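As structure tokens, the structure follows; a few thoughts come after it.
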Amino acid sequence: MKKILAFAALIGIAAAGTTWNIRRHDSPLGLTPQEKCALRDAPHDDLSADFSDLRQNMKNGARKLTHDLAAEKTARATLSIQGPILNGIFDADVPAGIQGQMRADMAFIDDIQANAASALHQKIFGPANGRTYMDFFTSRVKEIGLDDCGGGPGVMACVQPYTNHSKMWLTPNFVKYDMPQICRAQIVFHESRHTEKKNSYWHHATCPDPFKDENDNEVRGKVTGTPMAGLAACDETPYGSYGSSMIMVKNIQKFCTNCTEKIKMDAGIYADDTLRRIIDPDAHKEICEDLYRDAPKTICKELPR
Ligand SMILES: [Zn+2]
């Protein structure tokens, strides 16, 4: 049943990798009271000590300070990831590593600033910034659970709208592969679009068979290499899950003012790849006019009618 009802982002993954887990501390800063006081007390604890003892004590104190600062920095980073981002929406059985990855990805999204947004972006999301994206996501996705989403190596997440349309499910694949952060962000925003009951959850369209790219190569999932011909992994509108999420990511590539070059490069790669899934000639053209006016014609050549 789930296989039929799940709306998943069919983004294939080519190579396995590892991903990091959030370290959790029982005590937020991970320090005992003695450790916290060590610096203050060390150089002064024996006023009768000779200078060599004092020097040694100061060295120990400095070492301790460095150590404590490193521990505090790690703890603060952990806390900022565990902080208010997506609080209270995970099921208890979603593993800490998956929750942590998702929170870290959304913390990155939350920080995004941009100096412009395309017309389609304005229409779907509003201005391009972290606040807009977080509002968009959290007004749609109210719960996050763990599921296999029908199985398959390329399925990272899904929405099962006829069970609970405002719940997104993550699969263990979400943290299994060494995917760029922007790719995971695109996946979860793709899924968030499938929660929209008033839009009949934005069903996918069936990809053509054969399905060739602009260079006449078979279109395959970017990550698994699975041929997409004949699969329900395309869109006929700029506003569906593939369209809206690639418009978001392409805007991040073009207009983000505080993203690294690596993030922008990944954003361009994944957006351009997803554009191939927009198979309706008018929808394709609309996105091309919105975001690819300055791009090589090969990416945006007119689709046959
Ligand atoms: Zn989908």
* Structure fact -> Of (1) within 15 Å of the ligand (Cβ to nearest atom); (2) under 11 Å from residue 121 (Cα atoms), residue 252 fails just (1)
* Does residue 187 satisfy the condition of being more than 14 Å from the ligand (Cβ to nearest atom) and either in a helix (DSSP H, G or I) or in contact with a helix residue (DSSP H, G or I) (Cβ under 9 Å, 6 or more places away or on another chain) (or both)? -> no
* To do: Report, by residue number, each residue of the range 204-226 that is among the polar types (S, T, N, Q) and touching a residue at least 12 places away in the same chain (Cβ under 8 Å).
  => 206, 215, 224, 226
* Selection within the range 261-305 - over 23 Å from the mean Cα position of the chain (by Cα) and part of a helix (DSSP H, G or I) -> 281, 282, 283, 284, 285, 286, 288, 289, 290
* How many of the residues in the range 208-228 are farther than 17 Å from residue 155 by Cα and not aromatic (Phe, Trp, Tyr)? -> 11
* Structure fact -> Scanning the range 138-175 for residues that are away from the ligand (no atom under 12 Å from the Cβ), assigned to a strand (DSSP E or B) and small (Gly, Ala, Ser) gives 145
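Only one of 205, 229, 185, 157 is touching a Leu at 6+ places or on another chain (Cβ under 6 Å) and of a type outside the set (Lys, Arg). Can you tell me which?
Details: 205 fails: touching a Leu at 6+ places or on another chain (Cβ under 6 Å); 229 fails: touching a Leu at 6+ places or on another chain (Cβ under 6 Å); 185 fails: touching a Leu at 6+ places or on another chain (Cβ under 6 Å).
Going through 205, 229, 185, 157 in turn, just one is touching a Leu at 6+ places or on another chain (Cβ under 6 Å) and of a type outside the set (Lys, Arg): 157.
Based on what the data block shows, is residue 140 under 28 Å from residue 237 (Cβ atoms) and crowded, with 18+ Cβ neighbours inside 10 Å?
Yes; evaluated as a whole, the condition is true for this residue.
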* Answer yes or no: is there a residue in the range 197-214 that is surrounded by 14 or more Cβ atoms within 10 Å (Cβ to Cβ), among the acidic types (Asp, Glu) and at pLDDT 95 or above. => no
* To do: Kindly indicate whether any position in the range 226-241 is within 13 Å of the ligand (Cβ to nearest atom), in the same structural domain as residue 120 (by TED's automatic domain parsing), assigned to a helix (DSSP H, G or I) and not basic (Lys, Arg).
  => yes
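The values are calculated or read from the model by the stated rules, or taken from the named source; none is laboratory data. These numbers come from a predicted model, not from an experiment. Note that we place each Cβ from the backbone using ideal geometry, even for glycine, and neighbour counts take in every protein chain shown.
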